[in-house]
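Some notes on the structure that comes next.
Readers should treat all values here as calculations from the given coordinates under stated rules, not as data from a laboratory. Quick caveat, the model's predicted, so the values are computed rather than measured. Cβ coordinates were reconstructed from backbone atoms using ideal geometry, including for glycine residues, and neighbour counts include every protein chain displayed.
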Amino acid sequence: MSRAPVRNGAAPRRPGDEDDICPVCKSSRYLNPSMRFLVNPECYHKMCESCVDRIFSHGPAPCPVAGCARTLRKARFRRQTFEDLHIEREVDIRRRVAGVFNKREEEFESLRDWNNYLEEVENLTWNLLQGVEVKETEKKLDAYRRQNEAEIKQNAALESQEIADSEAQFAAQKEQARLRREAARNEELDERREKEEGRREIIDMMAKGDGDADAIARESQKVILKKSTARRTAAEKSRQQAAAKVDNGAAAAPLFSIQGLKRIPQSVPEKEYDPFGGYAIKPAYYYLRDHYEHSWLDNARSDAQITAGGYDVGEYCARAIMEASGGLGVFIEDEIEGREKRVEKEVGTASAAIASGGGGEGVDGDVL
Amino acid sequence: MAVSPVVTYDTTSNIKVTATKAKSLAVRTNSVSNPRNGSLPEPGKGQELAERLNDETKQRYVKDKKLGEGTYAIVYLGHLRADPSSLLAIKKIKVNTEYRDGLSMDAIREVKYLQELSHPNIIALHAVFSSKNQNLNLVLEYLPLGDLEMLIKDSEGIRYGTAEVKAWMGMLGRAVWFCHENFVLHRDIKPNNLLIAADGEVKLADFGLARSFSDPYRPMTYQVITRWYRPPELLFGARFYSGAVDVWSMGTVFAELILRSPFLAGNTDVHQLELICNTIGTPTEENWPGVSKLEGFLKYDKAATIPVRGREFYLSRFGTAGPVGVDLLMSMLALDPRKRCTARQVLEHKWWSSDPRPTAKEDLPKKGGGPERMGEDLKRKGGEIEGGRGDNVARKLNFGLAKS
Ligand SMILES: Nc1ncnc2c1ncn2[C@@H]1O[C@H](COP(=O)(O)OP(=O)(O)O)[C@@H](O)[C@H]1O
Ligand SMILES: [Zn+2]
Ligand SMILES: [Zn+2]
């Protein structure tokens with residue numbers, strides 16, 4: 001990216017710069033070679049930088065592209081990454097969804113579960129991409145985000161840690177390579193210097209004139225060899241040390257990052273045991289009302305044959321009201337109709353519901 | 001609520017079905033049952049559609065080997081055609097001509113209530129379809145690790161303590177609470193109806209005797225709940241009762257988990273009452289106002305009356321549960337159903353938050369052996385059972401007799 005070819009001194013060409021006329025101000029790149037185009041992920045309508053400055057510097061404003069009018073903020077304008085704005089948009093949406101649905105494979109018990117999850121997320125993404133049921137999908141996304149805030153954060157941290165780790169690893173490897181190259185270069189320099197020195201020694205010896213040239217040359221060669229062997233061992237050692245240093249750094253990283261992070265959720269103090277297992281507690285019967293007055297129920301409240309077995313009129317009232325109001329598919333009116341007019345109009349729905357259940361058409365075989 | 005919309009064509013009851021339910025029930029109604037009057041109200045299109053839907057459902061599942069045989073059903077291991085790695089239990093209901101409409105009421109109840117109750121501690125019903133000969137098939141969650149009864153009995157192979165008992169009771173409590181919250185009585189709670197999932201989760205199963213809370217003045221049968229787990233009001237022939245019957249069963253299961261043997265194992269109904277009197281206390285008008293008015297009440301000799309046991313008795317027998325646990329057990333085993341705690345109160349009890357913390361389900365002791373051994377177990381069990389539902393309820397009795 002940083003090395004995009006620069007032509008004619010114009011701003012580096014980037015995707016989106018191909019159309020050379022700003023659809024908003026119609027100014028042309030030909031006349032203004034430094035013109036750059038920006039997009040806003042709200043609508044992906046492209047416009048030039050100066051248009052953005054002009055229109056949005058004083059706060060959010062509607063998109064100037066005809067027929068759009070979406071409210072845009074300056075801060076969200078950015079350069080285009082992909083030539084095709086559809087792809088640009090898809091990438092943005094995918095990034096956004098992936099930022100929320102960031103579960104990891106290891107969280108799933110089986111590959112099948114993981115695949116199912118991915119498919120579900122893909123469906124969601126697809127809806128957003130295709131503009132199908134956008135409102136509901138966004139709602140789902142938002143609900144999921146709110147419900148799983150902690151987990152999402154944790155996974156995001158894990159992910160960025162992983163990226164950081166792999167970056168650190170990469171940097172460490174690069175550093176190692178650099179040290180290796182440096183060592184090799186030093187070695188070469190040393191060798192050259194020694195050879196140089198060796199040659200000078202020979203010349204010195206010859207100049208002193210003690211011994212024949214051959215013997216002197218042989219002798220000095222030995223010296224050079226010895227020296228270079230010693231040097232090579234030293235270089236090897238320092239290289240190994242450097243490598244060890246880097247390795248240690250790399251090995252230490254996961255200990256303090258990945259593994260630590262992964263363990264944190266497990267070592268978090270256990271949540272308090274919830275006897276209800278996370279299910280919401282609906283209002284208890286007695287919160288409803290203690291006593292629903294209905295003469296039809298009086299006997300059920302007083303007859304020992306009914307009460308001594310534990311039969312509870314209150315439970316019945318709760319059920320009747322729940323069924324009447326909770327829309328469990330009971331059509332009170334239909335039930336009341338055709339029944340002798342036991343229900344006085346002014347009693348209201350609760351009582352009506354209670355009374356409606358008491359079909360009283362004798363004993364059914366305790367079937368359902 | 002009087003008549004189920006599941007199986008009849010009673011027009012007055014059909015209007016009670018919500019649209020979504022109606023959609024799914026249509027399959028069952030048409031393909032599963034023969035309406036009482038023998039003729040379908042709307043032959044032709046509707047039925048064709050129903051048949052097609054049924055076939056589609058049927059096509060989705062594949063039956064593998066037989067897992068076991070129960071009173072009124074054969075249970076197979078199965079899988080989704082689309083996913084051979086999936087595990088399911090397919091319960092094929094035996095056709096019995098004795099039953100009205102050729103269909104067992106147990107199966108109808110099971111379908112009706114399992115469909116309504118979706119909870120982690122209640123066995124999940126995935127689908128229902130009919131196969132050839134109008135056999136009804138329930139596609140259920142596969143629960144491979146046996147049942148609580150197997151764990152209780154395996155006192156050599158399986159060791160557990162209060163934390164485990166608390167975990168199991170917690171799961172049972174949630175299941176029963178959820179049933180009652182939805183106005184459903186289970187009426188057959190016992191260790192062998194508490195199946196165990198691969199992850200250790202306990203699931204309440206067998207809704208063959210379940211029913212909705214009854215309307216006022218609508219009598220219910222008292223011939224429910226396997227005897228050892230049956231509360232005194234049912235033994236006294238009460239026809240009007242409440243969720244308290246299930247709570248008593250829970251209490252006896254709780255006791256059994258601690259004792260590792262059935263708590264009140266009566267040989268006959270009268271013997272069962274006798275055990276209750278001797279162990280818990282004699283029901284009287286004082287401790288249970290109105291009890292003498294119940295149809296099947298048995299008068300006891302004043303001199304032989306045993307006062308309701310106090311804490312010391314429970315502490316001596318169930319001390320491992322701790323004083324708080326004993327308090328919960330006692331409140332579940334109150335003679336007078338109105339004094340018994342409700343399923344909600346069970347879950348609200350302070351035992352759950354007192355030490356020890358319930359064991360995590362994954363760490364609970366498991367019956368080993370996998371599907372192979374399970375199959376063996378089921379075969380053995382299936383062999384013991386014969387006849388209709390009545391036999392099943394009385395099964396414990398036969399079992400008890402054989403033992404004593
Ligand atoms: N969902 C399931 N998963 C595995 N095994 C099951 C399942 N449901 C039932 N079984 C086993 O199959 C056998 C027959 O089931 P069922 O008809 O419910 O028997 P029972 O009459 O003993 O309750 C039982 O012994 C039970 O353990
Ligand atoms: Zn412009
Ligand atoms: Zn726009």
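Details
- Residue order, fewest to most surrounding Cβ atoms within 10 angstrom, among B:Glu274, A:Glu149, B:Glu110: A:Glu149, B:Glu274, B:Glu110
- Number of partner chain Cβ atoms within 10 Å, mean per residue of B:341-353: 3
- Here the Kirkwood formula, the inverse mean of 1/r across different C-alpha pairs, assigns region B:92-218 a hydrodynamic radius of 15.8 Å.
- Partner chain coverage, peptide B:235-246 - average Cβ within 10 angstrom: 4
- Its residues counted as N, region B:148-402 yields a C-alpha radius of gyration over 2.2 N^0.38 Å of 0.99.
- Flagged links, alpha-carbon separation over 21 Å, of A:Lys103/A:Lys139; B:Lys339/B:Lys361; B:Lys293/B:Lys339; B:Lys91/B:Lys112; B:Lys153/B:Lys190: B:Lys339/B:Lys361
- Reciprocal mean inverse distance between Cα atoms of region B:161-239 - Kirkwood radius, Å: 13.8 Å
- Local electrostatic count at B:Ile74 - Lys and Arg +1, Asp and Glu -1, tallied over other residues with Cβ under 9 Å: +3
- Shielding by partners for peptide B:284-294, expressed as the average number of C-beta atoms from other protein chains within 10 Å of each residue's C-beta, is 3.
- Cα-only radius of gyration and Dmax that characterise region B:115-179, units Å: 15.9, 49
- Per the Cα gyration tensor, region A:60-131 maps to an equivalent ellipsoid with semi-axes of 33, 12, 11 Å, ordered largest to smallest.
- With N as its number of residues, region B:240-318 has a Cα radius of gyration that, divided by 2.2 N^0.38 Å, comes to 1.15.
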